[in-house]
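Student: Before I ask anything, here is the structure I am working with.
A short reminder: the numbers here are calculations on the coordinates, not readings from a lab. Note that this is a predicted model, so its numbers are computed, not measured. When we count neighbours, we look across all protein chains shown, and the Cβ atoms used for this are built from the backbone with ideal geometry, even at glycine.
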Amino acid sequence: MAVSVFPSPAELGAALAALVAARGAARAGEGRFSLALSGGSLVELLARHLPPALRRPGGPAGEPWLLALCDERVAPGDNPHSTARAYQERLLPRLPEPAPTLLVPKAELGPEDAARDYGQRLRQAFPGAAVPEFDLLVLGLGPDGHTASLFPGHPLLQETEEIVAALTDSPKPPPERVTLTLPVLNAARTVVFAVTGEEKAPVVKRILEGNEENPLPAARVRPAAGELLWFLDEAAAKELTIPVERHSGL
């Protein structure tokens, strides 16, 4: 695990975009680059910083990326709470060609059917793999320690068979959601947590410096054969005492 601290969300966003672009470029000529994204504040970070990172000389080329969602609120596509809609409106139109292949849950099906359908389409996108292995998976973190739509104390934390699961009792509105499960998060080649804001500082410290018998959802993300990166701004990292790599401003 590596922990990087940036002066502000802007520097963090630029570094995250550079990482995504570099990993995509590394796959050019070798096959498809697969990227799974969470929603929330991550949408704006990537919409601002990823397009210019991809347009720099030597940017990625080759077959379209596969872009999938880590979780989705079960809401109609025109609902302002839809993560898919947010990416389709704010990020995808700004990306250079070739346009990515977007794989998202069909929220209009309802939570159970949407989870089943999304799981089937993910398996088709990763033929022959028992569990989809994303090249890069970017996660956020809630003040309660949740990530994707995996919440503290929820039975889905024990799921080992399904790669996508539905929940109808999310403690964070809206209650109906579809989420990747821990087996998928932990199968990724690289997982990055992108976390900003002082309100996250206590839970960041708890996850990175604690050793709890019943760990929070984000603390259960430990890629089996991949790397785990934490990108924090100064506010989110303010309570840490462990060694971190600090980065200067833009």
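Student: Could you size up the charge dipole of the chain around its Cα centre, putting +1 on the beta carbon of Lys and Arg and -1 on that of Asp and Glu, and report it in debye to the nearest 20? Don't skip to the end; give the middle numbers.
Tutor: Numbers: 24 positive and 31 negative charges, 136 e Å.
Value, rounded to 20: 660 debye.
Student: Have a look at Pro183, Pro132, Pro98 and tell me which one the Gaussian network model of the chain (Cα, springs below 10 Å) gives the largest fluctuation.
Tutor: Result for the chain, Cα springs under 10 Å: Pro98 fluctuates most.
Student: Here's a follow-up. Take the alpha carbon atoms of region 215-250, find their center, do the same for region 158-214, and report the distance between the two centers in whole angstrom.
Tutor: The two parts, judged by their Cα centres, are 14 Å apart.
Student: Also, I was wondering about something else. With θ taken as phi - 60° and the coefficients 6.51, -1.76 and 1.60, list the Karplus ³J(HN,Hα) couplings across region 31-48 in order, rounded to whole Hz; mark glycine and proline as x.
Tutor: Using θ = phi - 60°, the values come out as x, 5, 9, 10, 9, 10, 10, 8, x, x, 5, 5, 4, 5, 4, 6, 4, 7 Hz.
Student: Taking the chain as a Gaussian network, where each spring joins two C-alpha atoms under 10 Å apart, which residue of Glu212, Glu176, Glu11 fluctuates the most?
Tutor: Highest fluctuation of the listed residues: Glu212.
Student: Test of understanding: what is the full-extension gain from Glu227 to Arg90, defined as 0.36 nm times their sequence separation minus their Cα-Cα distance?
Tutor: Details: separation 137, 0.36 × 137 = 49.32 nm, distance 2.86 nm.
Additional length available on full extension: 46.5 nm.
Student: Specify which residue in the list Leu67, Leu16, Ala28 is farthest towards the positive end of the charge dipole of the chain, using unit charges on the beta carbon of Lys, Arg (+1) and Asp, Glu (-1), about the Cα centre.
Tutor: The residue sitting most towards the positive pole is Ala28.
Student: Find the relative contact order for region 1-116 and round it to a whole percent, using C-alpha pairs within less than 8 Å whose residues are 6+ positions apart. Don't skip to the answer; put the middle values down first.
Tutor: On the way: 155 pairs, mean separation 29.8, N = 116.
Rounded, it is 26 percent for region 1-116.
Student: Report the full-extension gain for the segment Asn214 to Thr241: residue separation times 0.36 nm, less the Cα-Cα distance, to one decimal in nm.
Tutor: Details: separation 27, 0.36 × 27 = 9.72 nm, distance 2.20 nm.
Taking Asn214 through Thr241 to full extension adds about 7.5 nm, to one decimal.
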